[in-house]
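Inspection log for the structure reproduced underneath, given as structure tokens.
The values are calculated or read from the model by the stated rules, or taken from the named source; none is laboratory data. Predicted model, so just to flag it, every value in this text is computed and none were measured. Virtual Cβ from ideal backbone geometry, glycine too; neighbours counted across all protein chains shown. For accessibility, only protein heavy atoms count, side chains too; no ligands or nucleic acids. Shrake-Rupley method; radii C 1.70, N 1.55, O 1.52, S 1.80 Å.
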Amino acid sequence: MIRHIVMFKIKDEYKSELPSLVQGFYGMKGKIEGMLDLEAGQDILGSERSYDLALITLFEDRAAFDAYQTHPVHMPVKKRMHEVRSGSVACDFEV
């Protein structure tokens, strides 16, 4: 299995959209073959080192994770995140 974790910093002008961005992530749940789990949330601490949003997904294998990258359900979410983010970091590992 592959765990995919992404954290996003959101541009100030889009911070009011944080709840809808989280809902956009959850809109993918159960709609992408090989995605076993999805969790997403907005930061609650607001510390200096905090990111604004986190997305944590679990895929059954590397092939499922690779297919997710261009899946039609993922593409509009990915596009929107590229528009609203000022930065992001990711970590992908086998579990």
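Structural remarks
- Selection count where residues are over 18 Å from P19 (Cβ atoms) and touching a His at 6+ places or on another chain (Cβ under 9 Å), scope the stretch 35-87: 6
- Residue, most open to solvent (accessible area, probe 1.4 Å), within the stretch 58-95, restricted to residues that are of a type in the set (S, T, Y) and within 13 Å of E33 (Cβ to Cβ): T70
- Of the residues making up the stretch 1-26, those that are under 17 Å from Y68 (Cβ atoms) and more than 11 Å from the chain's Cα centre (by Cα) are M1, I2, R3.
- Count of residues meeting criterion [touching a helix residue (DSSP H, G or I) at 6+ places or on another chain (Cβ under 7 Å) and open to solvent by 80 Å² or more (accessible area, probe 1.4 Å)] in the stretch 1-31: 0
- Taken as a whole, the stretch 60-68 holds at least one residue that is in contact with a helix residue (DSSP H, G or I) (Cβ under 8 Å, 6 or more places away or on another chain) and at pLDDT 95 or above.
- Pairs meeting the criteria (first residue in the stretch 14-34 and within 14 Å of P76 (Cα to Cα), second residue charged (D, E, K, R) and assigned to a helix (DSSP H, G or I), beta carbons under 7 Å, at least 6 apart or on different chains) are G24/R80.
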